[in-house]
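Single-structure report; data block below.
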Amino acid sequence: MTDLPKVGVDIEVFESEWGAGQIEIVNKPSFGIQAADTSHTCRISVKEIAIEHGYIASFMTKPWPENDSRTALHFNHSLWDIKGENSMMTDNNSNELSIVAQHWIAGVLAHVPGIAVLMAPTVNCLKTYLPNSLTPTNATWGFYNRTTALRVKEDTSGGMYIENRLGSGAANPYIVLAATVAAGIDGIKNKMQPPPDVKGSGYDPEKIPPKTANLPTDMMTALEYFNNDSVIREALGEEFCQCFTAHKLNEIRLEEEARAKGDTDWEWNLFFEYI
């Protein structure tokens, strides 16, 4: 932790987490792409520092199938206007979400199925979208709710922000940022209205709004949602989308070959040290 500030990683909090040897690092907020730069630098630096000390630092989402813990990349963000003022609330003394924040939330939720594979970009990641795991399973939102895809929270200054809980440890922070922004802007442009916020468990069918979309849990389904989402594809560019899809189809092939051979360690061998 003492070395990370030397390369520009401004740490707000770090603490031990649920899994064995698992550490949570929270970076201080920053504007624009700097947030993704910091996340990327943090990940690479942690891996390099670990190697120097004879260890492997892995951001593999689910290295131990028998353990309930997973590695995640939660994207905390808020909305600001051109004057540099927070646009999340109706006014500075209210906990009521602004209209633009409601549109933003609605847009992200509308595109949750399409961006799921970008947030959880390996077959290993997608397997973690399971009930009762503090991992989202559907396109829901709520205040201080750890079971929903979007969690609205209050910061230390009294302002509100949104935690996108879809991201896995293997996710690329630049793509997480880009996909979230594209989805949110679509909500603002089309004045989308969010469903009611979830009070209680997002895993309880009786608590979630009707017709709520579920998250895909396998790569083929996730790719189908992604390739059918024209807004996200246009935002990311066709060249990226084609290359990404081809890479993920190859991953599906590797999974099928491993299953045919009875190889239960192929995910570990492919992802643990690399990610």
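The values are calculated or read from the model by the stated rules, or taken from the named source; none is laboratory data. Given the structure is predicted, the values throughout are model-derived calculations rather than measurements. Cβ sites come from the backbone with ideal geometry, for glycine too, and all protein chains shown count toward neighbours. The accessibility values were calculated without ligands, DNA or RNA, using every heavy atom of the protein model including side chains. Shrake-Rupley method; radii C 1.70, N 1.55, O 1.52, S 1.80 Å.
Residue count for region 139-169, restricted to those that are in contact with a helix residue (DSSP H, G or I) (Cβ under 8 Å, 6 or more places away or on another chain) and closer than 18 Å to Pro113 by Cα: 9.
Do you know which of the residues in region 128-177 that are acidic (Asp, Glu) and open to solvent by 30 Å² or more (accessible area, probe 1.4 Å) is farthest from Val13 (Cα to Cα)? Before the answer, list the steps.
Applying the first criterion (acidic (Asp, Glu)) to region 128-177 yields 154-155, 163.
Checking the rest, the ones that are also open to solvent by 30 Å² or more (accessible area, probe 1.4 Å) come to 154-155.
On the way: Glu154: 16, Asp155: 14 Å.
Filtering region 128-177 for residues that are acidic (Asp, Glu) and open to solvent by 30 Å² or more (accessible area, probe 1.4 Å), the one farthest from Val13 (Cα to Cα) comes out as Glu154.
Among the residues in region 3-18, are any under 19 Å from the mean Cα position of the chain (by Cα) and among the hydroxyl-bearing types (Ser, Thr, Tyr)? Scanning region 3-18 turns up no residue that is under 19 Å from the mean Cα position of the chain (by Cα) and among the hydroxyl-bearing types (Ser, Thr, Tyr). Filter region 107-123 down to the residues that are among the small types (Gly, Ala, Ser), buried (at least 24 other Cβ atoms within 10 Å of the Cβ) and part of a helix (DSSP H, G or I) and list them by number. Hits for region 107-123 are Gly107, Gly114, Ala116.
Return yes when Met192 is of a type outside the set (Phe, Trp, Tyr), open to solvent by 30 Å² or more (accessible area, probe 1.4 Å) and either in contact (Cβ under 8 Å) with a residue 12 or more places away in the chain or more than 21 Å from Val117 (Cβ to Cβ) (or both) and no when it is not. Yes; evaluated as a whole, the condition is true for this residue.
Here Leu130 meets the list (1) under 13 Å from the mean Cα position of the chain (by Cα); (2) under 22 Å from Ile252 (Cβ atoms); (3) assigned to a loop (DSSP other than H, G, I, E, B) almost entirely, failing just condition (1).
Could you run through region 50-65 and say how many residues are farther than 20 Å from Ala120 by Cα and touching a Phe, Trp or Tyr at 6+ places or on another chain (Cβ under 9 Å)?
Step one: filter region 50-65 for residues farther than 20 Å from Ala120 by Cα, giving 50-56.
Add one more test, that the residue is touching a Phe, Trp or Tyr at 6+ places or on another chain (Cβ under 9 Å), and what stays is 56.
Residues meeting the conditions: 1.
Residue count for region 178-189 satisfying the condition of being open to solvent by less than 10 Å² (accessible area, probe 1.4 Å) and either of a type outside the set (Val, Ile, Thr) or in contact with a Lys or Arg (Cβ under 6 Å, 6 or more places away or on another chain) (or both): 4.
Does Ser87 qualify as being farther than 30 Å from Phe272 by Cα, open to solvent by 20 Å² or more (accessible area, probe 1.4 Å), touching a Phe, Trp or Tyr at 6+ places or on another chain (Cβ under 8 Å) and without any contact (Cβ under 8 Å) to a residue 60 or more places away in the chain?
Yes, satisfied.
Please indicate, with yes or no, whether at least one residue in region 66-84 is open to solvent by 90 Å² or more (accessible area, probe 1.4 Å), of a type in the set (D, E, K, R), under 20 Å from the mean Cα position of the chain (by Cα) and within 30 Å of Asn132 (Cβ to Cβ).
Within region 66-84, the first condition is being open to solvent by 90 Å² or more (accessible area, probe 1.4 Å), and the residues that meet it are 66, 68, 80, 82-83.
Those left that are additionally of a type in the set (D, E, K, R): 66, 68, 83.
Cutting the leftovers down to under 20 Å from the mean Cα position of the chain (by Cα) gives us 68.
Remaining after also requiring within 30 Å of Asn132 (Cβ to Cβ): 68.
Yes: region 66-84 contains one or more residues that are open to solvent by 90 Å² or more (accessible area, probe 1.4 Å), of a type in the set (D, E, K, R), under 20 Å from the mean Cα position of the chain (by Cα) and within 30 Å of Asn132 (Cβ to Cβ).
The residue pairs whose first member lies in region 253-275 and is at pLDDT 95 or above, whose second member is open to solvent by less than 100 Å² (accessible area, probe 1.4 Å) and among the aromatic types (Phe, Trp, Tyr), and whose beta carbons are closer than 7 Å, counting only pairs six or more residues apart or on different chains, are Leu254/Trp266; Ala258/Trp266.
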